[in-house]
Amino acid sequence: MKGIMDKGVIQNIINGDKEAFKQLYDEHFDRALRSAAAITRNKETAKDAVQEAFIRVYLNLSSYDINKPFEPWFYRILINECNRILKKGSALLLVDPPLLEDVMIDPVAKETFSDLHEMILSLEDLYRIPVVLKYLQGFAEKEIAHILDLNLNTVKSRLYKGREKLKAALETIENGREKYE
């Protein structure tokens, strides 16, 4: 249903409807910001990347194939923007703390979520970006391959290795907790 709605909104944008672009922006901004924050490891840098991505979308919407899903096209632009900003930025980026202020969960679950969030942020880009796209954004492996311009088997391998690294890190944390209990 969402793809059909995006098609209509995108067609309206192409026809010059500025309110339709605001609707598209509002619909995709929060998820895009969370993804960009996970990729860049910095909320302010993520905001810049998302803004630049939406500008590029607006400027290049005429080259978008309206018969294809919007989100993979958009996330390819977003990831390219994140990478571009990171390359030109300083190597001394500060890592934002997890964005948990709005999450209403019990303290133990919140701590586990915080640990997992930090572990995802600590993964190398090679593994972190596919993991974010798959498990935080819900993209299929084929879509991730298209977004990252990678072979499908490469994406599967990186997801597997990323999961293995996360599993090992979680086991280390759990073993550390058991020592102190």
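Ligands, DNA and RNA left out, the 1.4 Å accessible surface of the stretch 116-181 is 50% carbon and sulfur atoms. Annotation: S63 carries an accessible surface of approximately 90 Å², with a 1.4 Å probe and no ligand, DNA or RNA atoms counted.
Cβ-Cβ distance of N12 and E141, R₀ of 22 Å, FRET efficiency by 1/(1 + (r/R0)^6): the value works out to about 0.10. What the pair-distance distribution of the stretch 1-83 shows, using all Cα-Cα distances binned every 10 Å from zero, is 19, 53, 25, 3 percent. When all protein chains stay in place and ligands, DNA and RNA are ignored, the 1.4 Å accessible-area order of R34, R76, largest first, is R34, R76. The distance between label points at K167 and L150 comes to 1.8 nm (points 7 Å beyond Cα on the Cα→Cβ vector). Maximal additional length on extending the I66-L116 stretch stands at 14.3 nm, based on 0.36 nm per residue less the C-alpha distance.
The values are calculated or read from the model by the stated rules, or taken from the named source; none is laboratory data. Please read these numbers as outputs of a predicted model, since none were measured by experiment. Here the Cβ is made from the backbone with ideal geometry for all residues, glycine too, and neighbour counts use every protein chain on show. Quick note on the areas: whole protein, heavy atoms, side chains included, nothing else; ligands and nucleic acids left out. Shrake-Rupley method; radii C 1.70, N 1.55, O 1.52, S 1.80 Å.
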